[in-house]
Amino acid sequence: MQYRFLGQSGLKVSAFGFGVGTFGGKGPLFSAWGDTDAHAARRLLDIAIDAGVNFFDTADVYSDGESERVLGEAMRGRRDQIILSTKTALRLGEGVNDAGASRHRLLRAVDASLQRLGTDYIDLLQLHAFDARAPLEETWRALDDLVRAGKLRYVGVSNYAGWQLMKALGISESRGWARPVAHQVYYSLIGRDYEWELMPLALDQGVGAVVWSPLGWGRLTGKLHRGQPLPEGSRLHQTAQFAPPVTDEHLWRVTDALDAIAADTGRPVPQIALNWLLQRPSVATVLIGARNEAQLQQNLAAADWTLSAEHMAQLDAASFRMPPYPYYPYWNGQFAELNPPPVAVG
């Protein structure tokens, strides 16, 4: 397993992290993606840790808190082997203050997560979404206080726009408060929006990308092919409404390229999609999930090899997609010489 610094910090995380959103199985469909219990979760953690994974990510909203509780049970006795990441800000409860990033909510949410996780500190807390109603000074002062109290080691954000992240960076740095070192983002071969603004910002400001849904919400598992219906039992029948959008033609262009490279290399399609992400700039860790041991082991094997430059170029070409029109100021033109695209790592 390769280890990378988490943004502009001294913390090293595994190139693959384990996202445990499938732990718990409680609550509505969007929050309960699986029903892995503590016994099965402990076995999955065994496999991941043996493979060198040290980064484990959850959120208080996953399974209405049950994901945190199951992860806490599964990691009992080996807390020192784990970089523990969780998130808060989305609604968890019916009260008027049970959502957002106010000081009141953050202090209560962190204490509740610590109790469910069965630990006295969280390595990385990420704000799950931007809260436009809470003053950023209030939010980041509260996060800094939690770091100084020893309840948090590092802080980050998730699903922020560029201006939102830059404002948070500016406020935290100008006050001498803990700055965001991570940004949990959607990024995949069928969803490369991250590259337009957030990737250059991350490279410039030293914010590591923690990638969620690297297989495009289950679309890049090797089970979808041009001209064929969704396979029986596919979760996309139920969850497509929550998925990041993609046109059919763009999806088929990417899956055609993945199928061709799979035939050429003998590697499974998911490994190819994951391997492409490992070589992208600013990526600190790619979160993989798993409902069973075989799925986890297959995904982890993507860290054991590297796509060739030719195959990377083939995937780049198939997956690149312009917006409906090149949004200002990102059009190609006289600015291109001064703003070259980021290059791949290594």
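Summary table
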{"read-out": "Residue tally, condition more than 19 Å from Trp212 (Cβ to Cβ) and polar (S, T, N, Q), over the range 66-117", "value": "4"}
{"read-out": "Selected residue (criterion: farthest from Val185 (Cα to Cα)) from residues of the range 58-74 that are out of contact with any Lys or Arg (no Cβ under 8 Å at 6 or more places or on another chain) and not small (Gly, Ala, Ser)", "value": "Val70"}
{"read-out": "Pair list, Cβ < 8 Å and 6+ apart or interchain, from the range 189-206 residues that are under 16 Å from Asp316 (Cα atoms) and open to solvent by less than 20 Å² (accessible area, probe 1.4 Å) to residues that are β-branched (Val, Ile, Thr) and not in a helix (DSSP H, G or I)", "value": "Ile190/Val246; Gly191/Val246; Tyr194/Val185"}
{"read-out": "Any hit, the range 68-82, residues being in contact with an Asp or Glu (Cβ under 9 Å, 6 or more places away or on another chain), open to solvent by 10 Å² or more (accessible area, probe 1.4 Å) and within 30 Å of Arg133 (Cβ to Cβ)", "value": "no"}
{"read-out": "Subset of the range 147-166 that is more than 21 Å from Ala284 (Cα to Cα) and of a type outside the set (A, V, I, L, M, F, W, C) - its residue that is surrounded by the fewest Cβ atoms within 10 Å (Cβ to Cβ)", "value": "Gly150"}
{"read-out": "Hey, Gly100 touching a residue at least 12 places away in the same chain (Cβ under 8 Å), of a type outside the set (Phe, Trp, Tyr), part of a loop (DSSP other than H, G, I, E, B) and buried (at least 20 other Cβ atoms within 10 Å of the Cβ) or not", "value": "yes"}
{"read-out": "Breaking point among (1) among the small types (Gly, Ala, Ser); (2) in contact with a strand residue (DSSP E or B) (Cβ under 9 Å, 6 or more places away or on another chain); (3) surrounded by fewer than 22 Cβ atoms within 10 Å (Cβ to Cβ); (4) at pLDDT 95 or above, for Gly10", "value": "(2)"}
{"read-out": "Qualifying position, being part of a loop (DSSP other than H, G, I, E, B) and out of contact with any strand residue (DSSP E or B) (no Cβ under 6 Å at 6 or more places or on another chain), among Gly77, Gly72", "value": "Gly77"}
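The values are calculated or read from the model by the stated rules, or taken from the named source; none is laboratory data. All figures in this text were calculated on a predicted structure; none of them were measured in a lab. Reconstructed Cβ throughout: ideal geometry from the backbone, glycine too, with neighbour counts over all protein chains shown. Side chains included, ligands, DNA and RNA excluded: accessible areas come from the protein's heavy atoms. Shrake-Rupley method; radii C 1.70, N 1.55, O 1.52, S 1.80 Å.
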